[in-house]
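Since the structure comes first, as structure tokens, the remarks are kept for the end.
The values are calculated or read from the model by the stated rules, or taken from the named source; none is laboratory data. Treat the numbers as computed from the prediction; the structure is a model and nothing was measured. Backbone-built Cβ (ideal geometry, glycine too); neighbour counts: all protein chains shown. These accessible areas exclude ligands, DNA and RNA; they are computed on the full protein's heavy atoms, side chains included. Shrake-Rupley method; radii C 1.70, N 1.55, O 1.52, S 1.80 Å.
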Amino acid sequence: MRTKDIMTAVSLEEYLKEIMKISLSDGKKGKNLAAYNTSGGERKPSAAGKTREFGRYRSIILREKKTRVNILRLSQQLLKEEKSGECKPYKKAELRELAVELGRLTLRRRELEKKRDDIECDFLREIINHRYFEDTERRIPTWSQTACELGIAISGEELRRYVSMSLVTA
């Protein structure tokens, strides 16, 4: 298991300040927050919706890679067909669609990275970065694995609750 100490990313003062904000659990299992907060008639993403949005980062990365491979494959086919003199127009249209899809995925990835970078609290940003953005080849770790890997001495449930509430108020 790979471990990374959160203390290398944040100062001791900020670490202690943020740890003191985290309420300790009373042993009861917490409920997941709804995907949308509908109080006041306005639909705003809740904490679960915000963390789910960060969780999509890995699938966007994988779809970007797959789209790049498809563009390369189709470009090679088009070059072979142009050399032989039989060019099919539907393949050029497919290539344009793939290029637009790649641009859309790249834009979405950059938006998520900007949202991560816009988090003001270094402690929270490091947790989000480690959990969702680092090592995109592996599955998203559980909250308890995240706490263990970062060396945060609280349970996974407490860490999840802290991140969720911090994202709602941010």
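Does segment 134-170 hold any residues that are under 16 Å from the mean Cα position of the chain (by Cα) and farther than 16 Å from Thr51 by Cβ, and which are they?
Asp135, Thr136, Glu137, Arg138
Of the conditions (1) closer than 30 Å to Gly55 by Cβ; (2) open to solvent by 80 Å² or more (accessible area, probe 1.4 Å); (3) not basic (Lys, Arg), Leu79 satisfies every one except a single condition; which number is it?
(1)
Quick one: would you say Tyr162 is loosely packed, with under 13 Cβ neighbours inside 10 Å, in a helix (DSSP H, G or I) and hydroxyl-bearing (Ser, Thr, Tyr)? Break it down stepwise before answering.
Values: loosely packed, with under 13 Cβ neighbours inside 10 Å: no; in a helix (DSSP H, G or I): yes; hydroxyl-bearing (Ser, Thr, Tyr): yes.
No.
Looking only at segment 134-147, which residues are in a helix (DSSP H, G or I) and either touching a His at 6+ places or on another chain (Cβ under 7 Å) or surrounded by fewer than 17 Cβ atoms within 10 Å (Cβ to Cβ) (or both)? Walk me through how you get there before you give the answer.
Applying the first criterion (in a helix (DSSP H, G or I)) to segment 134-147 yields 143-147.
Correct list: Ser144, Gln145, Thr146.
Only one of these is touching a residue at least 60 places away in the same chain (Cβ under 8 Å), surrounded by fewer than 17 Cβ atoms within 10 Å (Cβ to Cβ) and either of a type in the set (Lys, Arg) or out of contact with any helix residue (DSSP H, G or I) (no Cβ under 8 Å at 6 or more places or on another chain) (or both): Arg116, Arg58. Name it. Spell out the reasoning first.
Values: Arg58 fails: surrounded by fewer than 17 Cβ atoms within 10 Å (Cβ to Cβ).
Sole residue among the options that is touching a residue at least 60 places away in the same chain (Cβ under 8 Å), surrounded by fewer than 17 Cβ atoms within 10 Å (Cβ to Cβ) and either of a type in the set (Lys, Arg) or out of contact with any helix residue (DSSP H, G or I) (no Cβ under 8 Å at 6 or more places or on another chain) (or both): Arg116.
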